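J.: The structure under discussion is supplied below as structure tokens; questions concerning it will follow.
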Amino acid sequence: MDSILVQGGGPLNGQIPIAGAKNACLTLMPATLLSEEPLTLTNAPRLSDIKTMTELLRSLGSEVATMQDGKTLAMSCHGEINTRAEYDIVRKMRASNLVLGPLLAREGVAEVSLPGGCAIGARPMDIHTDGLTLMGADIELRDGYLHAKAQGGRLKGAVIDFPFASVGATENIMMAATLAKGTTVINNAAREPEIVDLADCLRKMGAQIDGDGTSTITIQGVDRLGGATHPVVTDRIELGTYMLAPAFCGGEVECLGGRMDLLTAFCEKLDEAGIEVTETDKGLKVKRRTDEIKAINITTEPFPGFPTDLQAQMMAVLCTANGTSVLEEKIFENRFMHAPELVRMGANIDVAGGTATVTGVNKLKGAPVMATDLRASISLILAGLAAEGETKVSRVYHLDRGYEKVVRKLQAVGAQIERISE
Ligand code: UD1
């Protein structure tokens, strides 16, 4: 199994290109199931999660080809398709559940395995299934699979009030509603940029959608959708992660393709901590205003709030801030698994339920640590880059799910980092 070895201490200087968003690509890909015509995505990230979605879509009967540049996915889903998403693929990645809405909309039936447990929490699917039920689907859980059937063979429009602004449920219902009979309104919809990106792509395919990016999305169903070519939006989580690298280690890094509007709340927190972010014609430049980072308080929230997917990385940076920071995790119930690993590097962190209190120390010290999930892995790498001595991060297969070419990107700004196989 591979590990990452990091020698910490030095500042980072240079440019890091930001890839297309994993989370946008994972919801754009299943949109191919909604049409018989080709859907081409450009600026797709090269990640193992994208390979998993490719495998799933192929198992359902879609053609998926990755073009020579590695960043263009040409998909086509004409002819007959299989409506069963098997446990063997779905268990690898929760986002596999995003085929449920499109399959049901296209075929009137779908069998999708429940994704099962996940390191960062239980993550049920009740918001997805309650919404589809209101749209006229009969859904029952049998043998670990959701068996869904649209009454009369076609979903119908409905007014759906989400109890929580779930990202995945908004995407599933939005896709399902594009081909439903009549109008669907989603109240308390998620507002993430990835949802706006999906709506943009669906509109290119002929869907009638209004209000994406706000809490109320209205979708007028149509009889068929066509093909489209669509560039995947910039990955705001990869962007935020690399913005934290010079904040933590010193130096100045320009994140190419970065946009402030993708990370408004995060940028405000960086400012409060004493980190300067400047817009350039190529992206965002980041450096510390002074040597010291100030302690800040963070609460994770749905967009436009502070993203849960940047909480672990921010916690690592706050380990050496001046003062005490309080981080509240409001999206997932078990998302502080990086804390004990950071403590092994000399951090002072106290976790009680969904709250972590971080008291800044002068320096972190290198240590062997274990990655527990995707964002935890990168937070330990950032910590290793800022620490004294050597850090070895094991179980890095999590990283391949969400960070393309992480070693090369960090080496290019002067980091001493390598991947080793044992
Ligand atoms: C997406 C992102 C993930 C991010 C998360 C929150 C993708 C592929 N993944 O995940 O990286 O961390 O948004 O920003 O885009 N919930 C329910 N019932 C449901 C659905 C969700 O209780 O039916 C709960 C979940 O358990 C969790 C919370 O709602 O506690 C957030 O989930 P949701 O917004 O749906 O996240 P995902 O779409 O799974």
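J.: Pick from 273, 265, 245: which is closer than 17 Å to residue 294 by Cα, within 16 Å of the ligand (Cβ to nearest atom) and not charged (D, E, K, R)?
T.: Details: 273 fails: within 16 Å of the ligand (Cβ to nearest atom); 245 fails: within 16 Å of the ligand (Cβ to nearest atom).
Only one candidate qualifies: 265.
J.: Now for a separate question. Scan the range 272-298 for residues that are surrounded by fewer than 16 Cβ atoms within 10 Å (Cβ to Cβ) and touching a residue at least 12 places away in the same chain (Cβ under 8 Å) and report the count.
T.: Within the range 272-298, the subset surrounded by fewer than 16 Cβ atoms within 10 Å (Cβ to Cβ) is 272, 276, 278-282, 289-292, 297.
Still in the list and also touching a residue at least 12 places away in the same chain (Cβ under 8 Å): 272, 276, 279-280, 282, 289-292, 297.
Number of matching residues: 10.
J.: Which one of the conditions (1) in contact with a Ser or Thr (Cβ under 7 Å, 6 or more places away or on another chain); (2) under 29 Å from residue 284 (Cβ atoms) does residue 241 fail to meet, given that it meets all the rest?
T.: Every condition holds for residue 241 apart from (1).
J.: Keeping to the range 147-178, report how many residues are within 11 Å of the ligand (Cβ to nearest atom) and either aliphatic (A, V, I, L, M) or within 18 Å of residue 30 (Cα to Cα) (or both).
T.: Selection size over the range 147-178: 9.
J.: Note down all Cβ pairs under 7 Å where the first residue falls in the range 309-320 and is assigned by TED's automatic domain parsing to the domain that holds residue 333, the second is acidic (Asp, Glu) and not in a helix (DSSP H, G or I), and they're at least six residues apart or on different chains.
T.: Listed pairs, sorted by first residue: 311/329.
J.: Within the range 179-199, is even one residue within 12 Å of the ligand (Cβ to nearest atom), buried (at least 23 other Cβ atoms within 10 Å of the Cβ) and over 18 Å from the mean Cα position of the chain (by Cα)?
T.: no
Rundown of residues vs (1) closer than 24 Å to residue 39 by Cα; (2) free of Cβ contacts under 8 Å to residues at least 60 places away in the same chain, yes/no style:
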{"site": "159", "(1), (2)": "no, yes"}
{"site": "176", "(1), (2)": "yes, no"}
{"site": "189", "(1), (2)": "no, yes"}
{"site": "202", "(1), (2)": "yes, no"}
{"site": "212", "(1), (2)": "yes, yes"}
{"site": "238", "(1), (2)": "no, no"}
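J.: Still on this structure, I have one more. Out of 79, 101, 108, which single residue is crowded, with 16+ Cβ neighbours inside 10 Å, over 25 Å from the mean Cα position of the chain (by Cα), assigned by TED's automatic domain parsing to the domain that holds residue 153 and of a type in the set (Gly, Ala, Ser)? Walk me through how you get there before you give the answer.
T.: Working: 79 fails: crowded, with 16+ Cβ neighbours inside 10 Å; 101 fails: over 25 Å from the mean Cα position of the chain (by Cα).
Just a single option satisfies the conditions, and that option is 108.
J.: Which one of 104, 98 is more than 15 Å from the ligand (Cβ to nearest atom), closer than 21 Å to residue 190 by Cβ and modelled with pLDDT of 95 or more? Spell out how you get there, then give the answer.
T.: Details: 98 fails: more than 15 Å from the ligand (Cβ to nearest atom).
Going through 104, 98 in turn, the sole match is 104.
The values are calculated or read from the model by the stated rules, or taken from the named source; none is laboratory data. What you see is a predicted model, and the numbers here were worked out from it, not measured in a lab. So basically every Cβ, Gly included, is an ideal-geometry build from the backbone, and we count neighbours across all protein chains shown.
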